[in-house]
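The values are calculated or read from the model by the stated rules, or taken from the named source; none is laboratory data. In this text, all values refer to a predicted model and were calculated from it rather than measured experimentally. Heads up, the Cβs are rebuilt from the backbone with ideal geometry, glycines too, and the neighbour counts pull from every protein chain shown.
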Amino acid sequence: MEMDVSRTDCGGITGAGEYRFRDGHLIVTLYQIAIWAEYPQAIFTAVTSRFRNSMKLYVLASWRLPNAAPSDQPPAPANGEGMSLH
């Protein structure tokens, strides 16, 4: 299952960690926080990773800026280089 997720959808989180999200938990990394810090309007694709104690575990995958053509998408922030998405 995939869905688009904005920072607002996640309650405006400001740090990496595991958060309650819909019918499970959402894992957010420092890399994703860095993207939201630089591009607050960024939209991530959340995917169901696995189940833990009968609850879904979501991870954030690719990201994009809304209303921007694929060729106009900015690069990831430099301070997120080398960080894992999971």
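Determine, yes or no, whether Ala37 is among the hydrophobic types (A, V, I, L, M, F, W, C), under 21 Å from Asp72 (Cα atoms) and in contact (Cβ under 8 Å) with a residue 24 or more places away in the chain.
The answer is yes for Ala37.
Inside the stretch 40-72, can you point out the residues that are in a loop (DSSP other than H, G, I, E, B) and either more than 16 Å from Gly11 (Cα to Cα) or out of contact with any strand residue (DSSP E or B) (no Cβ under 8 Å at 6 or more places or on another chain) (or both)?
The answer is Pro40, Asn53, Ser54, Leu65, Pro66, Asn67, Ala68, Ala69.
Of everything in the stretch 14-30, what is part of a loop (DSSP other than H, G, I, E, B) and crowded, with 17+ Cβ neighbours inside 10 Å? Give them in sequence order.
Thr29
From Arg22, Arg52, which residue is of a type in the set (D, E, K, R), at pLDDT below 90 and at positive phi?
Selected residue: Arg22, the only one of Arg22, Arg52 that is of a type in the set (D, E, K, R), at pLDDT below 90 and at positive phi.
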